[in-house]
1. Does region 136-150 contain any residue that is out of contact with any His (no Cβ under 6 Å at 6 or more places or on another chain) and either free of Cβ contacts under 8 Å to residues at least 12 places away in the same chain or open to solvent by 60 Å² or more (accessible area, probe 1.4 Å) (or both)?
2. Return yes or no: is residue 300 more than 16 Å from the ligand (Cβ to nearest atom), at pLDDT below 95 and farther than 30 Å from residue 187 by Cβ?
3. Please determine, by comparing only the residues of region 208-238 that are open to solvent by less than 20 Å² (accessible area, probe 1.4 Å) and either at positive phi or of a type in the set (S, T, N, Q) (or both), which one is nearest to the chain's Cα centre (by Cα).
4. Report, by residue number, each residue of region 287-301 that is in contact with a Ser or Thr (Cβ under 6 Å, 6 or more places away or on another chain) and either over 20 Å from residue 244 (Cα atoms) or open to solvent by 60 Å² or more (accessible area, probe 1.4 Å) (or both).
5. Of 78, 90, 142, which residue is at pLDDT 95 or above and more than 10 Å from the ligand (Cβ to nearest atom)?
6. If only one of 31, 27, 14 is among the basic types (Lys, Arg), within 13 Å of the ligand (Cβ to nearest atom) and farther than 22 Å from residue 153 by Cα, which one is it?
7. Test residue 98 against the stated conditions and say whether it is more than 11 Å from the ligand (Cβ to nearest atom), more than 16 Å from the chain's Cα centre (by Cα) and either more than 30 Å from residue 11 (Cβ to Cβ) or not charged (D, E, K, R) (or both).
8. When you go through (1) open to solvent by 40 Å² or more (accessible area, probe 1.4 Å); (2) small (Gly, Ala, Ser); (3) touching a Pro at 6+ places or on another chain (Cβ under 6 Å) one by one for residue 195, which number turns out not to apply?
Amino acid sequence: MEILQNDLLLRAARGEQVERIPVWVMRQAGRILPEYRAVREKAGSFIQLATNPELAAEVTLQPVNILGVDAAIIFSDILVVPEAMGLPYIMEEKSGPVFPEVIKTMADVDKLRISNPEVDLKYVIDAIKIVKHELNGRVPLIGFAGAPFTLLCYMIEGRGSKTFSKAKKYLYTEPELSHALLQKITDSTIAYLKAQIAAGANLVQVFDSWAGILSPEQYRIYSLPYIAQICDAITEVPVTIFAKGAFFAREEMGKLNCETIGLDWNMDIAESRKLIGNSKTLQGNLDPCVLYGTFNEIKNQTRSMMQQFGNQRYIANLGHGVYPDTDPDKVRCFIDTVKEG
Ligand code: CP3
């Protein structure tokens, strides 16, 4: 059994007593630190960095060493899974990720493979092993993957979008294709998360970043059942589900076979606790824009958030990823305020 010096995150996730609230920050690696940009420059591109286990490990450790967060999250991207299934992506400097080929027909879905993470995603698994060695038990390591629906969005749309209307259209016009694709992504994701856990990930988080574009009914058909499959399959470590914008699904999320539910800042804290129930840990949910405010404002807002969540079954975080132009000192102020309790 691995012994961690700081296992606050894991105890909070499991609903055990904690002496203080654990804190980490979504997208803490790779957005805000000048130290990250230096390593990225050395690597050449985002993809070269993400596929180089030594360098990916180095930037994973930076927020632990520089910001003092209570967990590391492996540096990678949710789009490595579609790539491992046979749909490669490129990262454009201005517009973000792009899939040169997209899924259009059932034949395209049939061509995709269920990824074998030990082969297709070996670089992530190797990075995890290096991080675990370097962490030497200081804090837990979080593994992650995109939710099947969010990955479908990119695999059909081909790039980021405000509405993902091209991808959403398929849910109405090609339900059979949509379900076949979602199932293949789900199977690949379960294998990938299990490989991350075998390599040392202590908790895994599923990012359903585009949950909020679906109606409650579509969410029940096209996202929740696949997330539920993942929750049921991952029994080794705690699981966190973060579904951005899925305020309408909170009650159902309370019934998932997972330990923690992530909240975004649109979700009222007391109302979320009521809808989700007492058997889950909650994570979140400070508006990342608060970190553009003064140090005083950040402290006040953070304390108010903590008061609303209470001091058990809670993991402090932002309500979504930290914005790239945020001052690292402001992020540190958020982290320190949580630690002061
Ligand atoms: O803490 C971390 O940031 C760890 C690594 C991480 C990345 N992507 C690295 C990355 C994580 C956890 C992700 C998740 C991710 N990727 C999500 C889900 C989380 C969320 O924010 O909702 C999504 C939707 C993506 C897809 C993606 N990757 C987009 C839309 C972009 C472009 C804009 C951006 O920066 O987010 C990426 C690129 C990306 N992924 C970068 C990094 C560090 C920037 C690329 C660069 O360094 O040039």
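The values are calculated or read from the model by the stated rules, or taken from the named source; none is laboratory data. Not measured: the values here are computed from a predicted model. Cβ sites come from the backbone with ideal geometry, for glycine too, and all protein chains shown count toward neighbours. Accessible surface areas use protein heavy atoms only, side chains included; no ligands, DNA or RNA. Shrake-Rupley method; radii C 1.70, N 1.55, O 1.52, S 1.80 Å.
1. yes
2. No, not satisfied.
3. For region 208-238, the residue satisfying everything is 223.
4. Listed by number, the list holds a single entry, 299.
5. Of 78, 90, 142, the one residue that is at pLDDT 95 or above and more than 10 Å from the ligand (Cβ to nearest atom) is 90.
6. Exactly one residue qualifies, and that residue is 31.
7. No; evaluated as a whole, the condition is false for this residue.
8. (1)
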